[in-house]
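Student: The structure's right below; bear with me while I get my questions together.
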Amino acid sequence: MAAGFAGYREILATRHAARLLTGTLVGRLPNATAAIAIVLFVRAEGGTYSLAGALAAVYGVANAVGQPVLGRLVDLHGQPRVQLPAALGSALAMTAFAVTGTEPPALAYTAVAAAGLFTPPLEGGLRALWPAVLGGEDRVHTAYAMDAVAQEVMFTVGPLLVTLWSAQAALVVLSVVGVLGALSVVVSPPSRAWRSAPREAHWLGALRSPGLLALLGAFLFVGIALGSITVAAVPYADGHGGEAVYGRLMAALGLGALAGGAVYGARQWAGVPERRLRVLVALLAVCYLPLMLRPGAVAMVGLTALSGVFLAPCIACAFIIVDRHAPAGTVTEAFSWLVTTFTVGASVGTGVAGPVVQAGGALWGFAVPGAAGAVSLLVLLATGRVLAAPAGRAVVAASSENDPNRAAEPRFSSGDRA
């Protein structure tokens, strides 16, 4: 296993790799901390929890809409011409919200919606860059796992950063930091040189791939599972120590995912990723079930960590499948759709778990993630044929255009460019 972890060091030692990974993570900090920063700011301004939740929800919805749209623009026009203006627009909108506050409400809603809508698709952009930077297919797959692990670190550390300043200053500081991160990425030689492959003109873009649609359908329910845990843990924590226990449960969830992703990416896996994803999702669903036991706080922290172990491996494996099924010239958009679907699923999960917890308490609340994981597995099983890799397509190709799918799309003329 030690030799496997050496793969991480090898990737980070590759020219531009550490800079791109770090810049992307820093650039995404405003997005990772937006929900909690908005809630804390609204409360500091004297606003209600309802207003805070509504503004955070508007940001999330706008972000889910903007990611695939901006991802398509990146595929069409390149990274610097889209990512940096988007980052500046998002930062200016969030700064305006911090300066003007919650009055009038219409202005506050407009500002947070703009901040979410213009959040740059740095996550999808990084995955589009890995093949050109790293070259070999195995190294790219390891980078995907490392990327998933780094996300868990960011989403664990990010909320802690919000508490370093006042609520208003946090919105501004993190927005500026996000622009600097995006700037570091887009001025790098790989980002400036990257070009998407010529794409077949079609209004559906990446969504015309049946395999990608099947994957998105499955990951909607993975997101629901994750979102529901954050709600189900609240009544459990109320009866076992309050906010401190809740914080430990959420930290354990992230640490479990971090550990699982690190181990998963430290070795090479035989077989096609579509079959491997079915196994990983099955294990993910099974590991959610013990949460219904609701033991004492110490044991519950351990079970929560276990429930997160297979999350990062599922995400890393999904990245590979996106590469295999994204139509030519849509790789950034395809990755952005995965981000959007997972985000929407998590939001749905919190919404579904609320009434379930209200009606049946923590027991039934913890039943939701297990059920959602099972439905995700059923989707993967039902769509097994369309998820099979298209014949004649390379999984990952290292090229200046970073297009993993050079085969011409059926039903479209190869001369019809978008």
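The values are calculated or read from the model by the stated rules, or taken from the named source; none is laboratory data. A quick note: this is a predicted structure, and the numbers were derived from the prediction, not measured. Don't worry about glycine lacking a Cβ; one is built from the backbone with ideal geometry, like all the others, and counts go over all protein chains shown. Note: accessible area is taken over every heavy atom of the protein model, side chains too, but ligands, DNA and RNA are not part of it. Shrake-Rupley method; radii C 1.70, N 1.55, O 1.52, S 1.80 Å.
Student: For residue 364 and residue 204 in one chain, what is 0.36 nm times their gap in residues minus the Cα-Cα distance, to one decimal in nm?
Tutor: Gain on extension, residue 364 to residue 204, equals 53.8 nm.
Student: Once Lys and Arg get +1 and Asp and Glu get -1 on their Cβ, which of 37, 334, 110 lies farthest toward the positive end of the dipole of the chain?
Tutor: 334
Student: I need the calculated FRET efficiency for the pair residue 165 and residue 234, taking r as the beta carbon distance and R₀ as 30 Å, to the nearest 0.05.
Tutor: 0.70
Student: Hydropathy first: keep DSSP H helices in the chain averaging at least -1.0 on Kyte-Doolittle, then drop any whose Cα extent along the axis falls short of 27 Å, and list what survives.
Tutor: Span-like helices in the chain: 49-77, 80-100, 137-162, 167-186, 210-238, 243-265, 331-382.
Student: For segment 312-344 and segment 1-67, write down the distance between their C-alpha centroids in whole Å.
Tutor: 17 Å
Student: Give me the mean projected area, in nm² to one decimal, of the convex hull enclosing the Cα positions of segment 124-186.
Tutor: Dividing the Cα hull surface by four gives the mean projection, 4.8 nm².
Student: Tally up the carbon and sulfur contribution to the accessible surface of segment 303-370 as a whole percent, 1.4 Å probe, everything protein left in place.
Tutor: C and S fraction of accessible area: 76 percent.
Student: Something else about it: If you place +1 on the Cβ of every Lys and Arg and -1 on the Cβ of every Asp and Glu, how big does the dipole about the Cα centre of the chain come out, in debye to the nearest 20?
Tutor: Magnitude of the dipole: close to 700 debye.
Student: Measuring from label point to label point, each 7 Å out along Cα→Cβ, what is the residue 5 to residue 267 span in nm?
Tutor: 1.5 nm
Student: In a Debye calculation with equal point scatterers on the alpha-carbon sites of the chain and no solvent, what is log10 I(q)/I(0) at q = 0.07, 0.12, 0.13 Å⁻¹?
Tutor: Debye intensities relative to I(0), on a log10 scale: -0.31, -0.97, -1.15.
Student: In nm, to one decimal, how far is the residue 153 label point from the residue 187 one, both placed 7 Å along Cα→Cβ?
Tutor: Those two pseudo-labels are separated by 2.4 nm.
Student: Same structure, new question: If the chain between residue 180 and residue 65 were fully stretched, how many nm would it gain, using 0.36 nm times the residue separation less the Cα-Cα distance?
Tutor: Value of the extension gain: 39.0 nm.
Student: Suppose each label sits 7 Å from its Cα in the direction of the beta carbon; what would the residue 378-residue 14 distance come out to in nanometres?
Tutor: 4.0 nm
Student: Taking only C-alpha pairs under 8 Å that are 6+ residues apart, what is the relative contact order of segment 186-316 in percent?
Tutor: 31 percent
Student: At 1.4 Å probe radius, can you tell me the per residue accessible area of the chain in Å²? It would help to have the intermediate numbers written out before the result.
Tutor: Details: 16390 Å² over 418 residues.
It amounts to 39 Å² per residue over the chain.
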